[in-house]
Amino acid sequence: MEVEGAERPGPSCAARERGAAPAPAPPPGSLKSVERRDRSSAESSAAHLQLHSAGRAAAQPRPAHLSSASQARAGQGRPAAGGPCRSAERGRRTRPEPTSTSEDPVRAVPSSRALPAATMTMLYSLLLRLFILFFLALTRYVVIPIWRPDIAREPVRDVQERGVPLLHLYDYVIVGAGSAGSVLAHRLSEDPSVTVLLLEAGDNEDPLLDVVAAYPTLPNGPHDWAFKTTPQEHACQSLRGNVSSWPRGKGLGGSSAINAMLYYRGNRRDYDHWRDHFGLKGWGYDDVLPYFKKSEDMRDPALQDSPFHGVGGPLTVEPYKFYAGIAEDFLEAGKDLGVPVHVDQNGASQTGLTRPHGTLRDGLRCSTAKAFLRPAADRPNLHISLRSTALKVLLTGGAGQGAGDLRAVGVRFRRDGAEREVLAGREVILAAGAVQSPQLLMVSGLGPSAALRRAGVPPVLDLPGVGANLQDHVGLAGLVWLVDGAENKTTVATRSASLQSILDFIRGHGGPMYGLSMGEVLGFMSTRYANASDDYPDVQLFMASISDAGDCGQVNAVNLGLERSVYEAVFGPVLLRDAVTCLPLVLRPKARGSITITAPTVDTPPTIDPMYLSHPDDVGVLVEGAKICRKLMETKTMKALNARPNPNKFPACDHLELLSDEHLECHARQYTMTIYHPVGTCRMGRRDDPLAVVDERLRVRGVRGLRVVDASVMPTVPSGNTNAPTIMVAEKAADLIKEDAKSLNQTSRVPPRGQCMQGQGSCTESAPISTKEEL
């Protein structure tokens, strides 16, 4: 059944390609005639023309993974030669042609105009790309140094720049200065009697990273590892090569320096599930809440007295300094549906809609480098080595499963092209993230033995869970609704990147440069797959003031790798129109992926297979989440803005009824979006858990002196953004490490020369020295 208010399809593709005249106009006063009248000038604009992808490769076979309902109606996976119309026409060849309806002014035009339209769209995109680059360069090299010197801070000096020699031996060697590693370096170096070395492959943060609005431009830049997944069988069908891009932070602060800064902890039941289902004593919600509060400095006066929030911690949390006007309409739409609004989603109840808080300080990004590392960077017992890539964990002792004397004694790393080794008298701590911590374990011989042998790595200890259990929040991108009369409420790149925005930024008064347009309002809702009475939502909604059409495909489509021809077909006809987006994501996915290695070196990127949408329940939750979006857009508040879905469907879905369940499933499999929350690849678990890599104290099974402390240890992904939970894990880990050191009365020890594991080379040619040596 057609969604109320949805724009009806125009003539058949065959009729359009023949250049047939449109059907008679609708009667005066109807919604269609109003839209036709309001957009008459827009029709003539090349930016609003339907864009055909002539000459594309032949269509793919129908995906076998669609549901039975979808299989009965599925189209082709890619536009066929002759453009998306012919591909879609092939998908509905056995269906009767639509009866006479008015051609939608923002849908297809005769193919004779396709080439000029495509050319104009490419020109718009190129000009906007150049303008964005100019705007960013102006901000970075003129505005910040001259008018915002508070952002152009002094860089963190590493050991070489401080003129301090790197020691042969430290108490603790931490790999990775990201969301967890920065916390650990801060907390462990609080004790002046211990020495800490922090190894980071990247460099200092660029000042531009502090600017909130610059966030969408950071993927694929110098602060991003820019990983790619394997081609996905069940998802990402309209992305280049069916591959998902996986940004991971490279540099001080790690992913906290390039993420969207959203501060969400998940649901209390997530942590109680860790405790009760996985047997992880000390990881229930009541156990971890003090660590969330310990790190937090809540600056929203309305929440400072809340028992769920902390004040005075290193990590500042506050509202964004700018929200677009449409945010209020989103909240009113929630009220129309009876949904709670203005709720503290990190407090007593998660369900509802609200303007989000972020890890911000005075409206600018507050990464873990800014919050934790910079205040500690000049401590004499903390050494930071930048541009230092960890190559292998050094091991000594027995080989084979169950070897009780196997011990981590140091790390081999590369800096400035030269390899070095450093010893850890107490512990080596991996905080390299859910992708690189398991990779580093595997190249060190710790992982599934058969897979290690295939990669050319001699197994040292069989740990089947290393790299397994990969989970990520997956979303349905590109659900766009056009709106009218909202020029001052929505975000369009050509309006936001303005002189007025720069002036507002210089004065610190707010404005679009302080805003997160892709998350004006966030919602946590329960679909029919969840029990709404439990306050355990299974879908998260990102309600955005911008759409893929609002940036000419230069941000989200570029970051995700959307095929250009598909972009032109879906968003080209509504280019730069006022529009909003509602993006649903699965909070507790059931699909489980993996990270594996194919070579014995970290220089070869790991193989990442998240198995997106391989479980039917994940698809079902996404579809139900999209239907909640539809209900919000059909409320009286949004109807007052004439909110209506973008009528231009993905070519593979063009034969399906707009916003039907089948269409939403097809759309989800075409434009699949990672929410950048990988976890679980070194999961915590009981001794009898065959996939457990670390115990409840984050110690690697079967290896003394080795821990993993980052998002990889989470047995399941929390029901929310993962940066705050990762910081919590590091806060708790620091206490566990200190407790273990105290209880064991540890002293720094190094192995005798020549007793590192076979195949690892020498641990060091230098004589061991005391960690008490003067720095």
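The values are calculated or read from the model by the stated rules, or taken from the named source; none is laboratory data. Everything quoted here is computed from the prediction, not taken from an experiment. When we count neighbours, we look across all protein chains shown, and the Cβ atoms used for this are built from the backbone with ideal geometry, even at glycine. Ligands, DNA and RNA are stripped out before the accessible areas are found, and what is left, the full protein with its side chains, is counted by its heavy atoms. Shrake-Rupley method; radii C 1.70, N 1.55, O 1.52, S 1.80 Å.
Across the stretch 505-535, the number of residues qualifying as more than 24 Å from Asn556 (Cβ to Cβ) and assigned to a helix (DSSP H, G or I) comes to 5. Residues satisfying the criterion are absent from the stretch 356-373 (criterion: in contact with a Phe, Trp or Tyr (Cβ under 6 Å, 6 or more places away or on another chain), basic (Lys, Arg) and crowded, with 17+ Cβ neighbours inside 10 Å). Of all residues in the stretch 460-491, those that are buried (at least 21 other Cβ atoms within 10 Å of the Cβ) and either out of contact with any helix residue (DSSP H, G or I) (no Cβ under 7 Å at 6 or more places or on another chain) or hydrophobic (A, V, I, L, M, F, W, C) (or both) total 20. For the stretch 237-249, the criterion of a residue being within 19 Å of Gln471 (Cα to Cα), in a helix (DSSP H, G or I) and open to solvent by less than 10 Å² (accessible area, probe 1.4 Å) is satisfied by no position.
Among the residues that make up the stretch 501-518, is at least one of them in contact with a strand residue (DSSP E or B) (Cβ under 7 Å, 6 or more places away or on another chain), closer than 18 Å to Pro584 by Cα and open to solvent by 10 Å² or more (accessible area, probe 1.4 Å)? Yes, because at least one residue in the stretch 501-518 is in contact with a strand residue (DSSP E or B) (Cβ under 7 Å, 6 or more places away or on another chain), closer than 18 Å to Pro584 by Cα and open to solvent by 10 Å² or more (accessible area, probe 1.4 Å). Considering the stretch 154-177, and only residues there that are at negative phi and within 27 Å of the chain's Cα centre (by Cα), the residue that is most open to solvent (accessible area, probe 1.4 Å) turns out to be Pro155. Here Val457 clears all of (1) open to solvent by 20 Å² or more (accessible area, probe 1.4 Å); (2) part of a loop (DSSP other than H, G, I, E, B); (3) among the hydrophobic types (A, V, I, L, M, F, W, C) except the condition numbered (1).
All conditions but one from (1) out of contact with any helix residue (DSSP H, G or I) (no Cβ under 8 Å at 6 or more places or on another chain); (2) surrounded by fewer than 23 Cβ atoms within 10 Å (Cβ to Cβ) apply to Pro340; the one that does not is (1).
Scanning the stretch 631-647 for residues that are crowded, with 20+ Cβ neighbours inside 10 Å and under 13 Å from Cys582 (Cα atoms) yields Leu632, Met633, Glu634, Met638, Ala643, Arg644, Pro645, Asn646. Quick one: which residue in Val555, Val521 is open to solvent by 10 Å² or more (accessible area, probe 1.4 Å) and β-branched (Val, Ile, Thr)? None of the other options fit; the residue is Val555. Which residue, of Asn346, Asn267, Asn259, is within 22 Å of Met513 (Cα to Cα), modelled with pLDDT of 95 or more and open to solvent by less than 60 Å² (accessible area, probe 1.4 Å)? So the residue among Asn346, Asn267, Asn259 that is within 22 Å of Met513 (Cα to Cα), modelled with pLDDT of 95 or more and open to solvent by less than 60 Å² (accessible area, probe 1.4 Å) is Asn259.
Of the residues making up the stretch 721-737, at least one is part of a loop (DSSP other than H, G, I, E, B) and either open to solvent by less than 20 Å² (accessible area, probe 1.4 Å) or closer than 23 Å to Val173 by Cα (or both). The sole residue among Ser533, Ser545, Ser526, Ser517 that is without any contact (Cβ under 8 Å) to a residue 60 or more places away in the chain, closer than 24 Å to Leu632 by Cα and among the polar types (S, T, N, Q) is Ser533. For beta carbons closer than 6 Å, sequence separation of 6+ or different chains, a first residue in the stretch 727-739 that is within 11 Å of Val288 (Cβ to Cβ) and a second that is open to solvent by 10 Å² or more (accessible area, probe 1.4 Å) and charged (D, E, K, R), the qualifying pairs are Glu731/Lys294.
Taken over the stretch 190-233, residues that are assigned to a strand (DSSP E or B) and aliphatic (A, V, I, L, M) amount to 4.
Here Asp203 meets the list (1) among the acidic types (Asp, Glu); (2) open to solvent by less than 30 Å² (accessible area, probe 1.4 Å); (3) within 22 Å of Leu184 (Cα to Cα) almost entirely, failing just condition (2).
Close Cβ contacts (under 9 Å, 6 or more residues apart or on different chains) running from residues in the stretch 680-700 that are of a type in the set (Ser, Thr, Tyr) to residues that are open to solvent by 10 Å² or more (accessible area, probe 1.4 Å) and part of a loop (DSSP other than H, G, I, E, B) comprise Thr681/Ala468; Thr681/Asn469. The residues of the stretch 694-709 that are under 23 Å from Arg269 (Cα atoms), touching a Leu at 6+ places or on another chain (Cβ under 7 Å) and either β-branched (Val, Ile, Thr) or buried (at least 24 other Cβ atoms within 10 Å of the Cβ) (or both) amount to a single one, Val709. Which one of these is open to solvent by 40 Å² or more (accessible area, probe 1.4 Å) and in contact with a strand residue (DSSP E or B) (Cβ under 8 Å, 6 or more places away or on another chain): Arg426, Arg414? Just a single option satisfies the conditions, and that option is Arg414. Quick check on Leu452: is it under 26 Å from Leu184 (Cβ atoms) and surrounded by 22 or more Cβ atoms within 10 Å (Cβ to Cβ)? So Leu452 fails the test. When Tyr612, Tyr529 are checked against the criterion of being among the aromatic types (Phe, Trp, Tyr) and out of contact with any strand residue (DSSP E or B) (no Cβ under 7 Å at 6 or more places or on another chain), a single residue qualifies: Tyr529.
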